[in-house]
Amino acid sequence: MKSWIRAGQTLAVLIICVACTMPQAQTPDASKTEAKESRTPDKQKSGEPKMDPLSPEEIRRVISTYQNRKPKHWGENTPGVKQRLDTGEKVIAFTFDACGGTRGSGVDQELIRYLEQEQIPATLFINGRWIDDHPSLFRELAANPLFEIANHGTQHRPLSVNGRSVYGIRGTANLEEALDEILENQRKIRAITGKQPKFFRSGTAYYDDVAVQAAAELGIQAVNYDILGDAGGTYNSYQVKQALLHSRPGSIALLHMNRPGSGTCAGVQEAIPILRKQGYRFVKLGDYNLR
């Protein structure tokens with residue numbers, strides 16, 4: 001992305017981990033979905049064509065707006081990062097990260113088969129390197145209506161505008177790098193699927209508030225969780241099960257689909273029948289507003 005941003009600079013102003021970290025009632029009907037969409041703010045003036053959020057012009061606008069702002073917050077609970085579904089219904093959103101890289105490009109095929117067999121919807125946060133390593137599988141997952149594809153970054157880095165580090169991993173050094181981390185993979189996913197991901201989770205799940213605000217300007221919502229489901233795939237099956245059983249109405253659970261041999265699949269298999277008996281059903285992030 002840096003090359004086309006730099007090319008765009010001649011047109012106008014300067015534009016701007018380790019392993020991953022560490023909702024059965026009725027499905028929302030079309031009228032509820034339409035109502036939700038109608039509440040989404042539209043910053044375009046009436047009658048004007050909507051700006052492509054990945055266009056160089058829009059990126060330059062965002063960079064010029066945010067490049068001199070100093071972050072005030074850093075972490076997983078940074079303001080603007082959504083952590084729950086905005087509902088009191090007994091629904092849970094399972095989100096599964098695929099982190100990519102040398103130690104993060106595995107595939108938990110047993111987990112994927114279980115989700116498909118049990119018809120468990122889920123939102124899959126996919127890193128660009130994982131896509132490169134599994135292009136055919138990625139296309140299969142993206143074509144499956146059971147799953148929703150979300151963005152887990154290009155290089156799996158903490159999202160920072162000043163190089164903040166966590167877990168020994170240095171975050172993106174500036175706003176341009178932060179947007180690169182999001183948008184390079186955003187473009188890759190859109191090119192393959194024809195769809196623009198709505199949701200982003202950074203590598204390590206750490207952000208600063210300036211990067212989150214800039215992403216939101218481009219129509220990309222930063223999302224974390226309120227249930228740490230498998231601690232980067234390090235939990236055993238009992239720990240995964242117990243974590244998921246602490247879910248509440250509207251919980252978002254963070255799990256991993258790139259750690260075969262971990263306790264994630266077995267823990268999910270043990271927790272889901274219990275959660276169903278408790279009256280929970282499972283949904284994708286896009287089925288509800290977030291808070």
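Condition first: more than 13 Å from S202 (Cα to Cα) and touching a strand residue (DSSP E or B) at 6+ places or on another chain (Cβ under 9 Å). Now tell me which residues in segment 77-86 satisfy that. Talk me through it step by step, then tell me what you get.
In the first step, residues of segment 77-86 are kept if they are more than 13 Å from S202 (Cα to Cα); the result is 79-80, 83-86.
G80, Q83, R84, L85, D86 - these are the residues of segment 77-86 that are more than 13 Å from S202 (Cα to Cα) and touching a strand residue (DSSP E or B) at 6+ places or on another chain (Cβ under 9 Å).
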Checklist outcome for this item: Across segment 89-102, the tally of residues that are closer than 12 Å to H156 by Cα and either open to solvent by 20 Å² or more (accessible area, probe 1.4 Å) or in a strand (DSSP E or B) (or both) stands at 3
Next on the checklist: Can you find a residue that is within 21 Å of R84 (Cβ to Cβ), in a helix (DSSP H, G or I) and open to solvent by 60 Å² or more (accessible area, probe 1.4 Å) anywhere in segment 270-277?
Outcome noted: yes
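Return yes or no: is F282 under 24 Å from F138 (Cβ atoms), crowded, with 24+ Cβ neighbours inside 10 Å and modelled with pLDDT of 95 or more?
It is false that F282 is under 24 Å from F138 (Cβ atoms), crowded, with 24+ Cβ neighbours inside 10 Å and modelled with pLDDT of 95 or more.
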Next on the checklist: I'd like to check something: does segment 85-108 contain any residue that is at pLDDT below 95 and among the charged types (D, E, K, R)?
Outcome noted: yes
Next on the checklist: Please determine whether any residue of segment 47-57 is in contact with a Pro (Cβ under 8 Å, 6 or more places away or on another chain), in a loop (DSSP other than H, G, I, E, B) and open to solvent by 80 Å² or more (accessible area, probe 1.4 Å).
Outcome noted: no
Checklist entry - Do you know which of the residues in segment 59-71 that are part of a loop (DSSP other than H, G, I, E, B) and out of contact with any helix residue (DSSP H, G or I) (no Cβ under 6 Å at 6 or more places or on another chain) is most open to solvent (accessible area, probe 1.4 Å)? => result K70
Item to check | Residue list for segment 150-182, restricted to those being aliphatic (A, V, I, L, M) and either surrounded by 23 or more Cβ atoms within 10 Å (Cβ to Cβ) or part of a loop (DSSP other than H, G, I, E, B) (or both) | outcome: A150, L159, V161, A173, L175, A178, L179, I182
Checklist entry - If we keep just the residues of segment 205-231 that are of a type in the set (D, E) and surrounded by fewer than 24 Cβ atoms within 10 Å (Cβ to Cβ), which is farthest from I252 (Cα to Cα)? => result E217
Item to check | Filter result for P121 (under 20 Å from the mean Cα position of the chain (by Cα), under 19 Å from K198 (Cα atoms) and surrounded by fewer than 18 Cβ atoms within 10 Å (Cβ to Cβ)) | outcome: no
Next on the checklist: Looking for something under 15 Å from G286 (Cα atoms), modelled with pLDDT under 95, over 17 Å from the mean Cα position of the chain (by Cα) and among the polar types (S, T, N, Q) - is there at least one such residue anywhere in segment 41-52?
Outcome noted: no
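The values are calculated or read from the model by the stated rules, or taken from the named source; none is laboratory data. Please read all numbers here as calculations on a predicted model, not as lab measurements. Methodologically, a virtual Cβ is constructed for each residue, glycine included, from the backbone with ideal geometry; neighbour enumeration extends over all protein chains shown. All accessible areas refer to the heavy atoms of the entire protein, side chains included, with ligands and DNA or RNA removed. Shrake-Rupley method; radii C 1.70, N 1.55, O 1.52, S 1.80 Å.
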